[in-house]
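The values are calculated or read from the model by the stated rules, or taken from the named source; none is laboratory data. Owing to the predicted nature of the structure, the values given are computational and were not obtained by experimental measurement. Ideal geometry is used to build each Cβ from the backbone, glycine not excepted, and the neighbour counts take in all protein chains shown.
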Amino acid sequence: MSAIRTLEPLARSLLRIVAGFTFSLHGMQKLLGAFGGLNGGTAHFWSLVWLAGVLELGGGLLLLVGLFTSPVAFVLSGEMAVAYFRVHFPHGFFPIVNRGELAALYCFVFLYLSVAGAGSISLDAALRKKPN
């Protein structure tokens with residue numbers, strides 16, 4: 001069992017990398033029009049959707065490399081909580097009904113990363129190990 005536990009920082013890093021990458025794609029969609037954009041376009045400058053795109057792209061890329069992981073993940077967790085209750089919850093209580101599964105899952109993955117940290121493969125870890 002202890003051999004498996006030693007893999008936890010690596011598994012946490014992999015979770016953070018995949019979550020950060022996939023989250024950043026949502027920002028690319030909103031800000032850059034990638035992957036079909038928002039109905040073929042991009043978010044209007046300074047709109048709530050544009051701000052969400054900035055958080056998703058910037059925060060997702062910071063998580064991807066593991067820089068400032070705890071505060072970034074905390075902010076993104078809050079963004080996903082707001083997204084869930086503002087966009088999805090009015091359409092029903094259950095995430096499977098209101099199509100909010102992804103927002104709920106991101107919210108709690110980011111909340112976990114905000115308290116657990118980046119893992120062993122991250123810029124946060126590399127900066128902590130810098131020579132004296």
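Looking at (1) farther than 17 Å from SER114 by Cβ; (2) surrounded by fewer than 19 Cβ atoms within 10 Å (Cβ to Cβ), find the lone condition where ILE17 falls short. Exception for ILE17: condition (1).
Please enumerate the residues belonging to region 83-128 that are closer than 30 Å to PRO9 by Cβ and β-branched (Val, Ile, Thr). Scanning region 83-128 gives VAL109, VAL115, ILE121.
So is GLY59 among the small types (Gly, Ala, Ser), within 30 Å of LYS129 (Cβ to Cβ) and surrounded by 17 or more Cβ atoms within 10 Å (Cβ to Cβ) or not? For GLY59, the condition - among the small types (Gly, Ala, Ser), within 30 Å of LYS129 (Cβ to Cβ) and surrounded by 17 or more Cβ atoms within 10 Å (Cβ to Cβ) - is met.
Determine if region 34-53 includes at least one residue that is in contact with an Asp or Glu (Cβ under 7 Å, 6 or more places away or on another chain) and assigned to a helix (DSSP H, G or I). Give the steps one after another, and end with the answer.
As a first pass, look at region 34-53 and keep what is in contact with an Asp or Glu (Cβ under 7 Å, 6 or more places away or on another chain): 52.
With the extra rule that they be assigned to a helix (DSSP H, G or I), the set shrinks to 52.
Checked region 34-53: at least one residue is in contact with an Asp or Glu (Cβ under 7 Å, 6 or more places away or on another chain) and assigned to a helix (DSSP H, G or I).
Within region 81-102, not a single residue is within 10 Å of the chain's Cα centre (by Cα), in a helix (DSSP H, G or I) and of a type in the set (A, V, I, L, M).
Figure legend. Inter-residue proximity from region 109-132: first residues over 12 Å from ILE17 (Cα atoms), second residues at pLDDT 95 or above and aromatic (Phe, Trp, Tyr), beta-carbon distance below 7 Å, spacing 6+ or different chains. Indicated pairs: SER114/PHE74. Within region 62-76, the set of residues being surrounded by fewer than 21 Cβ atoms within 10 Å (Cβ to Cβ) and among the small types (Gly, Ala, Ser) comprises just one member, SER70. Taking each residue of region 2-25 that is in a helix (DSSP H, G or I) and at pLDDT 95 or above and looking for partners that are surrounded by fewer than 13 Cβ atoms within 10 Å (Cβ to Cβ) and not β-branched (Val, Ile, Thr) with beta-carbon atoms closer than 9 Å, six or more apart or interchain, yields LEU25/PHE35.
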